[in-house]
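The values are calculated or read from the model by the stated rules, or taken from the named source; none is laboratory data. Everything numeric in this text was worked out from a predicted model, so none of it was measured. Quick reminder, even Gly has a Cβ in these numbers, built from the backbone with ideal geometry, and neighbours come from all protein chains shown.
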Amino acid sequence: MAEKFKIHNLDIEYETDYRDIKYPRLEFKTGKLLLVLPKNYKDENKLIEKHKEWIYKKSLIIDSAKKEVKNKKIRPRSEKEIKDLIINFVDKFSKEKNIGVNKIYFRKLKSKWGSCSQKRNLTFNIALRYLPDYLIRYVVFHEMTHLEEKNHNDRFWCLVAKKFKDYPQKERELLVYWFSIQELIAN
């Protein structure tokens, strides 16, 4: 069930999900705030208060991205075209980075463009078929960088920046496209 709180001039809607985890975290992956909490976690208000400036800034970024949706051109590819394109990028970056991939999967993912498992498997969102080539290339590189560094820490972003110095802009574009595609799929 959705709850609300106010930060500055914004009403923020959020949901809470209790899971078998050790530490609480905040997610904004789908444009809505999700508090992912350990099963016995009691003080969600304290968590919100602690991170309220981050929540506020992230909300502004998401609102701005949603306003840009109209400006994005969507050119869908067939599933075969997107799979072939991604496999070609994986092959290219495997050689370039001298790293191996176990398996590649294609699925409809709810909240992300791709993922990388500890078994060195890469999973890509089939919705990538709506993105321009240069962003697909970036997503593949991003996920393959997780084979070198699991977390989105400074080392990870330094590795990404070696190939994509403009990665913050690419991340922003991916956010805008995310909402464009969600709107397209919903209609």
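Of note:
- Qualifying residues in segment 82-99 (those that are touching a residue at least 24 places away in the same chain (Cβ under 8 Å) and more than 15 Å from LEU135 (Cα to Cα)) - the one surrounded by the most Cβ atoms within 10 Å (Cβ to Cβ): LYS97
- Lone qualifier among GLU53, GLU15, GLU27 - being in contact with a strand residue (DSSP E or B) (Cβ under 9 Å, 6 or more places away or on another chain), charged (D, E, K, R) and closer than 16 Å to LEU175 by Cβ: GLU27
- Complete set of residues in segment 92-109 that are within 14 Å of THR123 (Cα to Cα) and aliphatic (A, V, I, L, M): VAL101, ILE104, LEU109
- Any pair with Cβ under 6 angstrom, 6 or more apart, that starts in segment 101-127 at a residue that is of a type in the set (A, V, I, L, M) and ends at one that is assigned to a loop (DSSP other than H, G, I, E, B) and at pLDDT 95 or above: VAL101/ARG120; LEU122/VAL101
- The single condition among (1) farther than 30 Å from GLU148 by Cα; (2) touching a Ser or Thr at 6+ places or on another chain (Cβ under 8 Å) that ASN40 does not satisfy is (2).
- Candidates are the residues of segment 107-122 that are farther than 17 Å from ILE181 by Cβ and polar (S, T, N, Q); the one that is surrounded by the most Cβ atoms within 10 Å (Cβ to Cβ) is SER115.
- Within segment 1-60, strands (runs of 3 or more DSSP E) holding 1 or more residues that are touching a Pro at 6+ places or on another chain (Cβ under 9 Å): 10-19, 33-38
- Scanning segment 1-59 for residues that are among the small types (Gly, Ala, Ser) and surrounded by fewer than 11 Cβ atoms within 10 Å (Cβ to Cβ) yields a single hit, ALA2.
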